[in-house]
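Below: the structure, in structure tokens.
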Amino acid sequence: MSNTFGRIFSVTTFGESHGPAIGCVIDGCPPGISIDEDDFIHDLDRRKTGKSRHTSQRHEGDRVEILSGVFEGVTTGAPIALLIRNEDARSKDYTDIADKIRPGHADYTYLHKYGVRDYRGGGRASARETTMRVAAGVIAKKWLAQHHGIRIQGYVSQIGSLKPTSLDWVAVERNDFFWPNESQHDEIAALIDATRKAGDSIGGSVTVVASGVPVGLGQPIYHKLDAQLASAMMGINAAKAVEIGDGFDAVEQGGDFHRDLIANDGFESNHAGGILGGISTGQDIVCRVGFKPASSLRIPAKSVNTSNEEVEVVTKGRHDPCVALRAPVICEAMMALVLMDMALLHRAQCGE
């Protein structure tokens, strides 16, 4: 089922939304990285549900158990196994749709591909799985910072038609929306509240930026850095679009404007998003990910059941009115996993 990501620094996740636990196995991790269970708290808390009225009200502790690959506080080079136990799953919320196909979900495709599906919260297709990507990303972020001085940050860059009027990185971590302009907080809260009360959902986008990236990460043709980033981001639940640098805005630009001129002290602009020919330029890597509106809604919808009979579907339970609100840390993690894999590949061929 393609549950493994990465070539050298590889991450295999396992578990379902309403199973007893979720987890991952990280292989190819260099030895000597200082890691303990408390290192995971910050990023997992940033991803966690139930922190405000604006996200799903599922309350999980999300405490990581390190089962292997770490001895006396440092990685050993052996596979690292991480486990998080599910503590607040309410499978009864899905009893009414056990034989119904939810529109906009993976129910239809999973059932037709495998002949069976886990209807409890989407099973393997649930965003709960991304918790382990965030956990693996913590290790990647730490290594990238220590070895290359790389810093990775994400923020919500659009909700519906609403966009930030300024970018303040300090503000991003001081509000419930990972939004870079605190003066728009009330406007966003009103939009999310109205969406939630209507039983509906709304789309959004996340921008993630990696600074301090050295020149040379990525490989031409079949393993381009931007191609790997696009694949990683599109592998996140509900992601429907990815842009690198100016992205689709480049369609309306002239070549003289878009090309990033170079002076003896560096590039004069960054329309390319820090990547040329599939290889990092040393500038900030800028990636934007678009997320669709969530499909678990209280608004009745026409669909079919597992016998292909027409039925009405209403999804109960605890769901996000805007999935993008919890996605910045997930996008950061996927950026970190790609960059660490690319850095190790570069080291293997070219040295540090």
Residues of the stretch 192-204 satisfying the condition of being surrounded by fewer than 20 Cβ atoms within 10 Å (Cβ to Cβ) and outside any loop (DSSP other than H, G, I, E, B): 193, 194, 195, 196, 197
Meets criteria (modelled with pLDDT of 95 or more, surrounded by 15 or more Cβ atoms within 10 Å (Cβ to Cβ) and closer than 30 Å to residue 350 by Cα) for residue 156: no
Residue pairs meeting the criteria (Cβ under 8 Å; at least 6 apart or on separate chains; first without any contact (Cβ under 8 Å) to a residue 40 or more places away in the chain, in the stretch 290-302; second assigned to a strand (DSSP E or B)): 300/312; 300/313
Strands (runs of 3 or more DSSP E) within the stretch 238-352 that include 2 or more residues surrounded by 18 or more Cβ atoms within 10 Å (Cβ to Cβ): 239-244, 285-291
Cβ-Cβ under 9 Å pairs, at least 6 apart or on other chains, the stretch 178-191 side assigned to a helix (DSSP H, G or I), far side surrounded by fewer than 20 Cβ atoms within 10 Å (Cβ to Cβ) and acidic (Asp, Glu): 182/168; 185/176; 188/176; 189/176
Among residues of the stretch 100-116, those that are under 23 Å from residue 326 (Cα atoms) and in a loop (DSSP other than H, G, I, E, B), counted: 5
Given (1) at pLDDT 95 or above; (2) part of a helix (DSSP H, G or I), index of the condition residue 32 fails: (2)
Subset of the stretch 153-171 (residues that are touching a residue at least 12 places away in the same chain (Cβ under 8 Å), of a type in the set (A, V, I, L, M) and over 20 Å from residue 323 (Cβ atoms)): 167
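Within the group 222, 119, which residue is out of contact with any strand residue (DSSP E or B) (no Cβ under 6 Å at 6 or more places or on another chain), assigned to a loop (DSSP other than H, G, I, E, B), exposed (fewer than 15 other Cβ atoms within 10 Å of the Cβ) and modelled with pLDDT under 95?
222
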Residue match in the stretch 20-27 (condition: part of a strand (DSSP E or B), modelled with pLDDT of 95 or more and surrounded by fewer than 13 Cβ atoms within 10 Å (Cβ to Cβ)): no
Residue in the stretch 205-219 that is farthest from residue 284 (Cα to Cα), counting only those that are surrounded by fewer than 23 Cβ atoms within 10 Å (Cβ to Cβ) and modelled with pLDDT of 95 or more: 205
Extreme residue, modelled with the lowest pLDDT, among residues of the stretch 74-92 that are more than 24 Å from the chain's Cα centre (by Cα) and not in a loop (DSSP other than H, G, I, E, B): 91
Members of the stretch 98-107 found to be more than 22 Å from the chain's Cα centre (by Cα) and either at pLDDT 90 or above or among the small types (Gly, Ala, Ser) (or both), listed by number: 98
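Within the group 165, 131, 95, which residue is more than 17 Å from the chain's Cα centre (by Cα) and part of a helix (DSSP H, G or I)?
Selected residue: 95, the only one of 165, 131, 95 that is more than 17 Å from the chain's Cα centre (by Cα) and part of a helix (DSSP H, G or I).
The values are calculated or read from the model by the stated rules, or taken from the named source; none is laboratory data. Computed from a prediction, not measured in an experiment: that's the story for all the values here. So basically every Cβ, Gly included, is an ideal-geometry build from the backbone, and we count neighbours across all protein chains shown.
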